[in-house]
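Accompanying notes for the structure given below.
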Amino acid sequence: MPMPAPAPMAQLALKPAPWLKLALVAVALSAVVAGGAWQLGAFAGDDALSPTEEQARQDAFKAAVRLPLQPVNLADRQEWEKALKSLNVTPAEAEQLQKDLKAQSTRLVWLDVFDDVDEDGDIVAIKTSAFGKEIPIFHAPHRVAVPVAMGEKEILLTGVRDGRGGITVAVRADGRIVPLPRLRPGQPVAIPIL
């Protein structure tokens, strides 16, 4: 004998508690306000600079004129290997770089970059017509070999990530430290070179 079909069960309708919607709206608004305050610098952290310090950075950068960057000694095998390691290139890219260097269409120079205020997770991008690399910056100078086309007169440094309070970066050239204007993510600054 066939079994009778079970009677349909009553569906339970779950309704969120009225306070839940209000709590979600409050959390969303708090996130928007906090994010906006962060962008405006309300949580500047240790990278906060006084107007005098900010102006001193800009003045020092303007006064630096063209920076003499030390060339990579291509005759020294160890220095060449250090340069390749800092570039993080593939063997094919290294071979192409060697061809460009031999053809004298490119030169390879050292650039030391570092965070000169607060080591807070800032990241910058270094770019030339022949090269591009993002690097985190720390108090200890980070030495990067940078391929520069012959006749190229600047290296572009762009803020990528702000740890907090602005991207505070400086370069060292020929034993001289040059602080750059404080950067925001996406903001570039051209470093004039010899």
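The values are calculated or read from the model by the stated rules, or taken from the named source; none is laboratory data. Just so it is clear, the model here is predicted, and its values are computed rather than measured. Virtual Cβ from ideal backbone geometry, glycine too; neighbours counted across all protein chains shown. Quick note on the areas: whole protein, heavy atoms, side chains included, nothing else; ligands and nucleic acids left out. Shrake-Rupley method; radii C 1.70, N 1.55, O 1.52, S 1.80 Å.
Brief remarks on what is shown
- Probe 1.4 Å - accessible area at V160, Å² to nearest ten: 50 Å²
- Amide N of region 150-172 lying under 18 Å from the label point, which is placed 7 angstrom from the Cα of A125 along Cα→Cβ: 154-163, 167-169
- Working from label points 7 Å from Cα in the Cα-to-Cβ sense, the K85 to E154 distance is 3.3 nm.
- For the set K85, K133, the ranking by accessible area, highest first and with no ligand, DNA or RNA atoms included, is K85, K133 under a 1.4 Å probe.
- Model label points for H142 and L49, set 7 angstrom from Cα along the Cα-to-Cβ axis, are 1.9 nm apart.
- Measuring only protein heavy atoms, the 1.4 Å probe finds L156 accessible over about 60 Å².
- Taking θ as phi - 60° and the Karplus parameters 6.51, -1.76 and 1.60, the scalar couplings of region 121-136 work out to x, 5, 10, 10, 10, 10, 9, 10, 5, 10, 7, x, 7, 9, 9, x Hz in sequence order, x denoting glycine and proline.
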